[in-house]
Amino acid sequence: LSRKFIRKGAGFLVNITNDAWYKRSSASEQHFQASVFRAVENRVFVVRSANTGVSGFIDPYGRFTVLDKFNEGYLTKNINLSNQEMTFYTRYGDLFAGLCGIVVLLGTATIFYRRRWNKK
């Protein structure tokens, strides 16, 4: 979905989440890291707000500013929306992964074919 929103012109992404069910485990940090991936793969800012867990800003290069976990507060940040060049992933999605999968399948088929051919 993130990729579709960016392709349709969204200048940044917002992630509002309820991380209360993670309680005080490290899972909320892992959940936050998913937003870091969205920022980098689409080269956009991500604003993340969690009722508990990690809230903050993530820039298009994965650098982030966060509030202390489990503390109330607010952050402000200016985000530049003028440099919106789409990444390969934003344009083409999982095309590269699909091509890699095809190469692996062809390589595997070639190995099996050669083994069978050599037995004859």
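Just so you know, all these numbers are worked out from the coordinates, no wet-lab data involved. Since the structure is predicted, the reported quantities are computational estimates derived from the model, not experimental observations. As a convention, Cβ positions derive from the backbone with ideal geometry for all residues, glycine included, and neighbour counts pool all protein chains shown.
Semi-axes of the equivalent ellipsoid of the range 57-100 are 31, 16, 7 Å, computed as sqrt(5λ) over the eigenvalues of the C-alpha gyration tensor in descending order. As a length-normalised measure over Cα pairs under 8 Å and 6 or more apart, the relative contact order of the chain settles at 22 percent.
Run the numbers for Arg63 and Val103: contour at 0.36 nm per residue of separation, minus the present Cα-Cα distance, in nm. Can you show the working numbers first?
Values: separation 40, 0.36 × 40 = 14.40 nm, distance 3.38 nm.
Gain on extension, Arg63 to Val103, equals 11.0 nm.
A P(r) calculated from all alpha carbon pairs of the chain, with 5 Å bins opening at zero, reads 2, 10, 17, 16, 13, 10, 8, 6, 5, 4, 4, 3, 1, 0, 0 percent. Taking Cα atoms only, the orientation of helix 27-42 departs from the longest principal axis of the chain by about 70 degrees. Among the chymotrypsin sites (Phe, Trp or Tyr not before Pro) found in the range 28-93, those both in a DSSP coil and sparsely packed, with 15 or fewer other Cβ atoms within 10 Å of their Cβ, are Tyr61, Phe70, Tyr74. The simple spin-label model puts a point 7 Å past each Cα toward its Cβ; for Asp94 and Gln33 those points are separated by 2.1 nm.
With helices as the sole contributors, the chain gives -13500 deg cm²/dmol at 222 nm; each DSSP H run of n ≥ 4 counts as -39500 (n - 2.57), and the sum is divided by every residue. On full extension, the segment bounded by Arg24 and Thr110 gains 25.9 nm, given 0.36 nm per residue less the C-alpha separation.
Could you give the distance between the Cα centres of the range 16-83 and the range 85-107, to the whole Å? The two parts, judged by their Cα centres, are 27 Å apart.
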